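The values are calculated or read from the model by the stated rules, or taken from the named source; none is laboratory data. In this text, all values refer to a predicted model and were calculated from it rather than measured experimentally. Don't worry about glycine lacking a Cβ; one is built from the backbone with ideal geometry, like all the others, and counts go over all protein chains shown.
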Amino acid sequence: MYKYIAKRLLLMIPTLIGAAILVFFLLRLIPGDVCELRLAGTGLYADPEQIKLCRENLGLNDHILVQFATFVIGFVTFDLGDSMWTGNPITHEIGLRFQLSLQIAFMATFVAVIISIPLGVISAVKQDTWIDYVVRSFSIFGIAIPSFWLGIMIILGLLIVTQAWTGVPWMPPIEYVSPFEDLGANMSQLIWPAVATGYRYSAVATRMTRSALLEVLREDYIRTARAKGLLEKIIINRHALKNSLLPVVTIIGIEFAFLMGGLVVTEQVFNLNGLGKLFVESVLQNDYNLTQALVMIVVAIFVFTNFIVDLFYAWLDPRIRYS
Amino acid sequence: MVVISESMVESDIEDLTTGNSWGAMVVTMLRKYPLGAFGAFIVFLMIFLAIFANVITPYDPVLNSFENMLTPPNAQFWLGTDQFGRDILTRIIYGSRTALFVGFSCAIIGAFTGLVLGVASAYFGGRFDLIFQRVMDVFMAFPLIIMALAVVAVFGTGTQNVIIAITIPFIPRCARVVRSSALSIREIPYVDAARALGFTHTRIILRHMVPNVMAPFLIMLTAFVGQAILLEASLSYLGLGVQEPVPAWGLMLQGGAEEYAESAPWVAIWPGVAISLAVFGFNLFGDSLRDALDPKLRQQ
Amino acid sequence: MRKIYSKLALSLVVGGGLALGAVGTASTAHAVKTGGTLNFVVGSTITTSDLHRETTFGVVHPFRPFYSLLIKVNPENPSSPTDFICDLCEGSVPKGTDGFKNYTFTIRKGVKFHDGTPLTAHDIVATYNKIIFPPKDVPSARKSFFKMVDTITAPDDFTVVFKLKFPSGSFIPAVATPFNIIYSKKDLDTYGYEWHTKNINGTGAFKLAEIQPGSHVSGVKNPDYFVKGRPYLDGFKSIIAPKMAVRLNAIRGDRAAIEFRGFPPKARDDLVAALGDKITVQESDWNCVLLNTINHKKKPFDDARVRRALTLAMDRWAGSKYLSKIAIVKTVGGVVFPNHPLAATKAELVKLAGYSEDIKASQTEAMRLLKEAGVPNLKIDFLNRGVDQPYKVVGTWAIDQYKKIGVNAVQKVQPSSVFYDSLRKKHDFDVSADFNCQSVINPIADVTKFLGSSGNNYGQYEDQPLEDIYNKLAVAATEKEQRVLMREYETRAISDQAHLGVTLWWYKINAYRSYVKGWKIAPSHYLNQALDNIWLDQ
């Protein structure tokens, strides 16, 4: 097992190196730079001297390999540097946003689980009946709606409905408050995007639950249980469901990793100050340092989640760890 | 001797891929999978609208006519007009062209490239496979929308570049799935036999391995079409999608949903409905295809 | 003032019941109430808090309330381009002596920085030295505004003297620019020139409470503020909300009371329709103009006939009528801010190419010119900026206008950084959306945008006769002379040579919660943001 863990850990390194190279050079292919944007972006006369100076100060005039080395050494020593847009240390920029993204990811995953597992079970048990069709249509519809459209409609709907009922229009708060400070305000902001996102991501998990359960239901031991005359309910709950959950857990784990930094559009619609929104802003502002740091963090989370999932599998299935 | 064994190998493949029963299977699917049939119906409706757009609607999708700006739905403009006085229904109908073009281009290019790379990786194995897998890992881990964002920023906006941006992240996702199915086939004796007979790599890959990974490939392909349409809408929301005055659903929704959701809801609602319905259709179709092609899930 | 009232009358027609309260002078019309926190939304990300090196309104709105200026635009009359009053100086703004080469400011006594240090003339000298003569590695975005300044000295603790190299009408407006916030000499000496990018110590009406990256900046009342009885508010919070729909909904759901930049017309209508007299609207022409910059280095745009045809294609009067319903643009104007004494009257405007009220005749003329130039079926790449309001909306209109004279334009919309790269460095466009957006209205300085030699002109042309007219204009003594020269300049720049096409001037619409009182709209979103005069009626 240790050997397997060591091997899997080693395999993470090339992925991280690859991602570092990719993001570094991809960013530098994007035309424009942060100094031009900051100094000329408002249409005022921009002093070329000042733009030069700004580039100089940010190290943008250094040789590209020097810049790359600075980036890699910084990442290895956990010194992410300063944002080129705000001048703040990147850890300071990311702190609160990470907390928000983590909370949203947890809440959305929770919503996805409570939607998808019951629906997946119903859909499998009632395979090819109208109930199955309704459930599947409902879950597939979740991924068919453009997320920003859904978000805008939710907010507008809330404003209109609350005004009609109470006379005073209400919308979710637009700034993040930590749940430890004010749980009510925190929840009233995050519940909406969490439900919208959770519903969206339940579609894949519902399908996975359904097909995994269908597969298990055809196994011999289920047939034996049926032959013994056990109640169908007990067969599903005790035997089948437990054994079919593994792929579902996997898919949920991977989605969770994606939610960290992947909620690019939803965060903008709800004005959530999370990693996804920061991501878009940093790319569009040519803030190399910040984008690089964010990509490396997101890739690291992704790789690490995959590692955990693999370990989990290996622990359950000895064939994997000895092959 | 050689000739006989070759025909033997091919008949084996016929059995494995269920050969000419493909057509029959489609018919069965329509009967057995009403959801899939409904999805297929939406898809065909879209294709129909796209092909006959200029016959169906009398209006121009691009020309501004400010006298008619933001007209609510009426007998003349069934779904109303947008802020530039263009008929929304017309733009939705023409928009299905853009959606299908973007959707299919991305799906086909992405899935085929993925197919070739995935099968090649599985077939050659060894160091090539190892390196290739690490490269795919990088692309898989890289945030999809950020990749698309960067590609559009590098090449500029416009339909072609949007297609490139959406296609790139599809490739590793397809390659990964195809590779794992191809790996299981690689061990089956007939591929060894074909190799022993001295067939070229290309021939073995194309004639023997590719047909065997068709099921997961087709599932990926249909899923990609829907995803591409949605991604185009997301890119539009970020201002990086297809650009005015091209009729495209995501673009119509971007300005419309942001500014006119209340005062002119028809501007904000209909393109959203079109996107949702199209993606819904492709996903229903794909979902049923998955059921149909996966023998373990078939109702006994 | 007259302007605001007339515009309000218009909104009444558009939107129904509107409160007029906020427009009246706060102190006379109502008893001012103190207390409360003003929440407002800012549609931009925030860079550093050192305004001297920044250019976006996104830093003016949250940070300006912490600081004072030497002189400022009169908050009671912000739409006037000439009404400046003292902020940290005393008395009236100096007129200049020694042939307008010497400006002596008397500094207010008893002013304290937030850390308790008293303000003296030396702080102002140190600040302006940082702005005008920064050390080699210290950025200063508006250094070039002060090319006329020779020395800044403090003969005693409460006098500051600016000596100019040559007299310049743009000196006083440059000093009033809201980015020139005053720092303490002690901070600059002790902590150096980088300290203010992350720390705040001013003499403004508010003290810093918190900066939360990406979320908000908040301030609390400064009890030692030098204007007695001000500020009225206990504090403020500027909330970052880059998406327009969020800002609009925030006001509707009362998560924020006001947005100081400007809303599109439909957003105003939605707010008024939903909340009636709980929303107040102020509107004004905006000192920003949308332009079409033509790349003279690309064929056939080196031909004045082709450029004239492109500007003739624009039906500005109809565009104003329709676009003002869907975009933040409205007024048809020439090179000067509309209604300014130096601006062209309508009778003067209609003589310019593309300003005629007979659009059919203009279009026919345009097609004739294209044919004459040998390019009847012209295709152009139209570069635009990936921002909806007003760029993409007006861009879509412009493409349609081109189509009507047989020009096939393809819109290439780019994110801001890529857009600037094309416009400023690559020059790979045929025609590009461009804009001139200034804070303090200063037409003689603002119209340099149309000179080929100007640093923010991207048309790549040289036009010596135009430069000559400008040089005369810059030193013209009387308004009458300036007006004549301005017409000559305007006709050559946008009609005869048609170097750039002026499309429409922006139009600022501020729709906000009626309980916000005391704030007056300025013709620029940079101006009148000290917040000390705002109070909440609740």
- Note down all Cβ pairs under 6 Å where the first residue falls in segment A:155-176 and is within 11 Å of C:Asn249 (Cβ to Cβ) and touching a residue at least 12 places away in the same chain (Cβ under 8 Å), the second is among the charged types (D, E, K, R) and buried (at least 21 other Cβ atoms within 10 Å of the Cβ), and they're at least six residues apart or on different chains. A:Leu159/C:Arg252; A:Ile174/C:Arg255
- Message: Looking at (1) part of a helix (DSSP H, G or I); (2) surrounded by 23 or more Cβ atoms within 10 Å (Cβ to Cβ), which one does C:Asn287 not meet, given that it meets all the others?
- Response: (1)
- Task: Only one of these is charged (D, E, K, R) and within 24 Å of A:Trp149 (Cβ to Cβ): C:Lys299, C:Lys266, C:Lys237. Name it.
- Result: C:Lys266
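Out of all the residues in segment C:196-212, which are of a type outside the set (Val, Ile, Thr) and touching a residue at least 12 places away in the same chain (Cβ under 8 Å)?
Matches in segment C:196-212: C:His196, C:Lys198, C:Asn199, C:Asn201, C:Gly202, C:Gly204, C:Ala205, C:Phe206, C:Lys207, C:Leu208, C:Ala209.
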- Message: Taking the criterion of being within 12 Å of another protein chain (Cβ to nearest Cβ) and among the β-branched types (Val, Ile, Thr), would at least one residue in segment B:67-77 satisfy it?
- Response: no
- Message: Condition first: in contact (Cβ under 8 Å) with a residue 24 or more places away in the chain and assigned to a helix (DSSP H, G or I). Can you find one or more residues in segment C:495-510 that meet it?
- Response: yes
- Matching entry among C:Gln411, C:Gln464 (being of a type outside the set (Val, Ile, Thr) and in contact with an Asp or Glu (Cβ under 6 Å, 6 or more places away or on another chain)): C:Gln411
- Scanning segment C:29-69 residue by residue, the ones that are more than 17 Å from C:Gln529 (Cβ to Cβ), assigned by TED's automatic domain parsing to the domain that holds C:Phe84 and assigned to a helix (DSSP H, G or I) total 1
- Sole exception among (1) within 29 Å of the chain's Cα centre (by Cα); (2) over 30 Å from C:Tyr391 (Cβ atoms) for A:Ile30, by number: (2)
- Message: Looking only at segment C:336-349, how many residues end up being assigned to a loop (DSSP other than H, G, I, E, B) and either touching a helix residue (DSSP H, G or I) at 6+ places or on another chain (Cβ under 8 Å) or at pLDDT 95 or above (or both)?
- Response: 8
- Does C:Ile444 satisfy the criteria of being within 25 Å of C:Lys330 (Cα to Cα), out of contact with any His (no Cβ under 6 Å at 6 or more places or on another chain), not assigned by TED's automatic domain parsing to the domain that holds C:Val42 and not in a loop (DSSP other than H, G, I, E, B)? yes
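Given the criterion under 15 Å from C:Thr197 (Cα atoms) and at pLDDT below 90, identify the matching residue among A:Gly81, A:Gly59, A:Gly87.
A:Gly87
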- Confirm whether C:Phe382 is modelled with pLDDT under 95, buried (at least 19 other Cβ atoms within 10 Å of the Cβ) and touching a Lys or Arg at 6+ places or on another chain (Cβ under 7 Å). yes
- Tally time: how many residues in segment A:4-24 are crowded, with 16+ Cβ neighbours inside 10 Å and β-branched (Val, Ile, Thr)? 2
- Residue, surrounded by the most Cβ atoms within 10 Å (Cβ to Cβ), within segment C:228-244, restricted to residues that are touching a Phe, Trp or Tyr at 6+ places or on another chain (Cβ under 8 Å) and within 7 Å of another protein chain (Cβ to nearest Cβ): C:Ile239
- Message: Quick test of your reading of the structure: A:Tyr201 fulfils all but one of (1) buried (at least 22 other Cβ atoms within 10 Å of the Cβ); (2) over 23 Å from A:Thr250 (Cα atoms); (3) away from every other protein chain (no Cβ under 11 Å). Name the failing condition by number.
- Response: (2)
- Among the residues listed as B:Ala148, B:Ala182, B:Ala175, the single one being more than 9 Å from chain A (Cβ to nearest Cβ) and either at pLDDT 85 or above or not in a helix (DSSP H, G or I) (or both): B:Ala175
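Within segment A:68-77, does at least one residue satisfy the condition of being of a type outside the set (Lys, Arg), closer than 29 Å to B:Phe155 by Cα and within 14 Å of chain C (Cβ to nearest Cβ)?
no
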- Note on the structure: The one condition A:Leu96 fails out of (1) in contact with a Ser or Thr (Cβ under 9 Å, 6 or more places away or on another chain); (2) at pLDDT 90 or above; (3) surrounded by fewer than 22 Cβ atoms within 10 Å (Cβ to Cβ) is (2)
- Task: Out of C:Tyr391, C:Tyr402, C:Tyr420, report the one residue that is within 14 Å of chain A (Cβ to nearest Cβ) and modelled with pLDDT of 90 or more.
- Result: C:Tyr391
- Message: Criterion first (more than 7 Å from chain A (Cβ to nearest Cβ), buried (at least 23 other Cβ atoms within 10 Å of the Cβ), within 15 Å of the chain's Cα centre (by Cα) and in a helix (DSSP H, G or I)) does B:Ala233 satisfy it?
- Response: no
- Reported set for segment C:245-290 where residues are out of contact with any helix residue (DSSP H, G or I) (no Cβ under 6 Å at 6 or more places or on another chain), within 7 Å of another protein chain (Cβ to nearest Cβ) and of a type in the set (Lys, Arg) is C:Arg255
- Is it the case that some residue within segment B:179-192 is within 30 Å of A:Leu27 (Cβ to Cβ) and in contact with a helix residue (DSSP H, G or I) (Cβ under 7 Å, 6 or more places away or on another chain)? yes
- Filter result for B:Ile131 (assigned to a helix (DSSP H, G or I), without any contact (Cβ under 8 Å) to a residue 40 or more places away in the chain, touching a helix residue (DSSP H, G or I) at 6+ places or on another chain (Cβ under 8 Å) and not small (Gly, Ala, Ser)): no
- Give segment B:172-208 a look and list any residue that's over 25 Å from the mean Cα position of the chain (by Cα) and closer than 27 Å to B:Phe139 by Cβ, or say none. B:Ser184, B:Ile185, B:Arg186, B:Glu187, B:His201, B:Thr202, B:Ile204
